[in-house]
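Asker: The structure follows.
Every number in this text was worked out from the coordinates using simple rules, so none of it is lab data. No experiment lies behind these values; they were computed from the predicted model shown. Cβ coordinates were reconstructed from backbone atoms using ideal geometry, including for glycine residues, and neighbour counts include every protein chain displayed.
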Amino acid sequence: MKLVRYGAVGAEKPGLIDPAGQLRDLSGEIADLAGEAFAPAALARLAALDWSQLPVITDMPRLGCPVGGAPKFIAIGLNYADHAAEANMAVPTEPVVFMKANSSLCGAFDPVEKPRGSTKLDWELELAVIIGQRAKYVSEREAPDCIAGYAICNDISERAFQLERLGQWTKGKSHDTFGPLGPWLVTKDEIADVQRLGMWLDVNGQRRQTGSTATMIFSVPKIIAYVSELMTLLPGDIITTGTPPGVGMGMKPPRYLEIGDVVTSGIDGLGTQRQQIIAA
């Protein structure tokens, strides 16, 4: 299934994209796509519905973040060796974990704000994993059972805030709109091999990132198992898993986003995103 939340900010309704690409309403079946809605039994019930009987939405509404009320927004840094090299940072020997504010989440086509005082606004195309059931001290073998699905994430980063302002990376990762997610959550059954997904990102129509999840240092199961040792993962938690090379910070000379720039991106099987940069 491709699950979405559609409508105005703060008033999103649950829906799905049917096999013909048509948006259909799920609000008669479920209150929201949040928390226990991502549990295996809940997803199985939705998958068993006759989608042809669901109401069709024809007015092209806004698509919001496909995960409502996420308990945590967790991020993995430097998870591609070639990205670590372009950032002039050592390849990590275990996953680098940091948090993004939940309030940074937004829809895949929402504008991204350039914060006041920002001088180094950057892009990071990433695969995000959405957790479907409680996970504490799970093994790598058990980790896939804890996954509800996947989505595209753009881990927008203000590098000066992140690296030059004497604090954790969270400072440069958490401004409003710094977490475009979606356009939809694709349930894990639709992805044959999550470690073989092509990735791309353009800025103003020029290719910046080309990569594959095959080059991750730490696989999706490894990440889930590792994080579950540090904190209990809950249904609806989001883990964004790192970016391939091609970020603005790594260019020579570095190039950053300005107001009016347009970022488009995609991951095989997960759709595409588009954001325009606006002033905060």
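Asker: Inspect the range 3-16 for any residue being in a loop (DSSP other than H, G, I, E, B), surrounded by 14 or more Cβ atoms within 10 Å (Cβ to Cβ) and either in contact with a Ser or Thr (Cβ under 9 Å, 6 or more places away or on another chain) or not aliphatic (A, V, I, L, M) (or both) and give the result as yes or no.
Answerer: Scanning the range 3-16 turns up at least one residue that is in a loop (DSSP other than H, G, I, E, B), surrounded by 14 or more Cβ atoms within 10 Å (Cβ to Cβ) and either in contact with a Ser or Thr (Cβ under 9 Å, 6 or more places away or on another chain) or not aliphatic (A, V, I, L, M) (or both).
Asker: Here's another thing I want to ask about it. Looking at (1) touching a residue at least 40 places away in the same chain (Cβ under 8 Å); (2) surrounded by fewer than 23 Cβ atoms within 10 Å (Cβ to Cβ), can you tell me which one A128 breaks?
Answerer: A128 satisfies all of (1) touching a residue at least 40 places away in the same chain (Cβ under 8 Å); (2) surrounded by fewer than 23 Cβ atoms within 10 Å (Cβ to Cβ) except (2).
Asker: State whether one or more residues within the range 140-154 are in contact (Cβ under 8 Å) with a residue 24 or more places away in the chain, crowded, with 18+ Cβ neighbours inside 10 Å and assigned to a loop (DSSP other than H, G, I, E, B).
Answerer: no
Asker: Can you tell me how many residues in the range 78-123 are surrounded by 19 or more Cβ atoms within 10 Å (Cβ to Cβ) and assigned to a strand (DSSP E or B)?
Answerer: Final tally of qualifying residues: 9.
Asker: When the range 158-191 is examined, which residues are found to be buried (at least 20 other Cβ atoms within 10 Å of the Cβ), in contact with a Lys or Arg (Cβ under 9 Å, 6 or more places away or on another chain) and either among the β-branched types (V, I, T) or without any contact (Cβ under 8 Å) to a residue 60 or more places away in the chain (or both)?
Answerer: Of everything in the range 158-191, those that are buried (at least 20 other Cβ atoms within 10 Å of the Cβ), in contact with a Lys or Arg (Cβ under 9 Å, 6 or more places away or on another chain) and either among the β-branched types (V, I, T) or without any contact (Cβ under 8 Å) to a residue 60 or more places away in the chain (or both) turn out to be E158, F161, Q162, G172, V186, T187.
Asker: Is there any pair with a first residue in the range 17-39 that is more than 14 Å from M1 (Cβ to Cβ) and without any contact (Cβ under 8 Å) to a residue 12 or more places away in the chain and a second that is surrounded by 17 or more Cβ atoms within 10 Å (Cβ to Cβ) and small (G, A, S) whose Cβ atoms are under 9 Å apart and which are 6 or more apart or on different chains, and what are they?
Answerer: Taking only residues 6 or more apart or on different chains, not a single pair turns up.
Asker: Within the range 19-44, take every residue that is among the charged types (D, E, K, R) and in contact with an Asp or Glu (Cβ under 8 Å, 6 or more places away or on another chain) and give me the one that is surrounded by the most Cβ atoms within 10 Å (Cβ to Cβ).
Answerer: That would be R24.
Asker: Counting only residues that are over 23 Å from K2 (Cβ atoms), give me the strands (runs of 3 or more DSSP E) lying completely in the range 174-280 with at least 3 of them.
Answerer: By residue number, 206-212, 271-279.
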